[in-house]
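Please read the structure below before turning to the comments.
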Amino acid sequence: MEPLLSSNATMGSEMEPLIDHGSNCDPRIQTRDEAELEWSKVPNIVGQLKENVIIVNSPFVNVEEAILHFRKFDSPKEIDKPPPEKTKFCEVFKWFKFPVLGEELSKEFNFISSLTKCGLNWSDNVQFRILQTIYKKLTGARLDCPQRGTHWQLIGFQGNDPATDLRSVGLFGLLQFLYLTSEKMMPLAQKLYKVANSENQPFPLAVLSLNLTNIVLNVFNSGRLNRECTARKSVMDTLNSFYGALMVYTFNIWVSQKKTIRESGFVLKDAERYCSRNVKKVLRDLPKNLLKYDQ
């Protein structure tokens, strides 16, 4: 099975460093006070409801609501092309090692695959609210922020428009970033945000999240998550939990071993290697590991 990412994806199987300061990107991370000051200067750039009522404090969106909304999309219909033919021995070996997904789970996989091909649409009120939910929960801001601006770098996007970074893994990357701010993940998210904006070990949190989503897709395509998907009767739940396990492992290594941006590529490869080889263990230990941050 080929990777889910489209041909123009920027994150391949080889992990890139967590940050890349392009010519249009201001590498300085904006402070919360600066972000709020910028917002105060442009109070109307916050999106609108269908009734043309200007929003300044849009309601939060949870993962379940986002999934229901995305299921209504007229998503791309193309299905990933089958991989090149392999020897029968390899196919039989893989079948024994990684069970094939059933029909319903395969449909769920196709839905997730379609999300990776969908870019951000600012005119979609739910997508707008998802980004506002992530921003406000991480930063503690009370009001919505502008659609574009350097304030997005505060939560780890590389430029002034999150849509640019989201091209790599599409709306599935946005969905998993939202999952990071869910109730059970929020204590970890708060610790991540604090370290991400620290002086000694800063890193772009949004870019890290998108890198980990890419790893999730790579591991899923290898078949290593099939057994857990079948046991849980859900591909989405399994992939989100595996994302959480990857985040816990990566953050633990980052903090305990005092890693920096220069070593980010090695950290990501280590996380993929360890978690993909210990799927059952990292998923089983996730609830226990998350409790360590809820103190």
Conditions first: (1) exposed (fewer than 11 other Cβ atoms within 10 Å of the Cβ); (2) modelled with pLDDT under 95. Residue 46 passes all but one, so which condition is the exception? (1)
Looking only at region 107-121, count every residue that is in a loop (DSSP other than H, G, I, E, B) and of a type outside the set (S, T, N, Q) and tell me the total. 4
Mind telling me which of the residues 140, 102 ends up being surrounded by fewer than 20 Cβ atoms within 10 Å (Cβ to Cβ) and at pLDDT 95 or above? 140
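If a residue has to be of a type in the set (Ser, Thr, Tyr), in a helix (DSSP H, G or I) and within 23 Å of residue 172 (Cβ to Cβ) to count, how many in region 122-144 make the cut?
Total meeting the criteria: 2.
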Residue 272 fails exactly one of the following numbered conditions: (1) among the charged types (D, E, K, R); (2) farther than 25 Å from residue 110 by Cα; (3) surrounded by 20 or more Cβ atoms within 10 Å (Cβ to Cβ). What is the number of that condition? (2)
Failed item, numbered, when residue 294 is tested on (1) free of Cβ contacts under 8 Å to residues at least 24 places away in the same chain; (2) surrounded by fewer than 22 Cβ atoms within 10 Å (Cβ to Cβ): (1)
Could you check how many residues of region 114-135 are touching a Pro at 6+ places or on another chain (Cβ under 8 Å), under 27 Å from residue 196 (Cα atoms) and not basic (Lys, Arg)? 2
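How many residues are in a helix (DSSP H, G or I) and surrounded by 15 or more Cβ atoms within 10 Å (Cβ to Cβ) when one looks only at region 236-265?
Residues flagged as in a helix (DSSP H, G or I) and surrounded by 15 or more Cβ atoms within 10 Å (Cβ to Cβ) within region 236-265 amount to 20.
The values are calculated or read from the model by the stated rules, or taken from the named source; none is laboratory data. Treat the numbers as computed from the prediction; the structure is a model and nothing was measured. Virtual Cβ from ideal backbone geometry, glycine too; neighbours counted across all protein chains shown.
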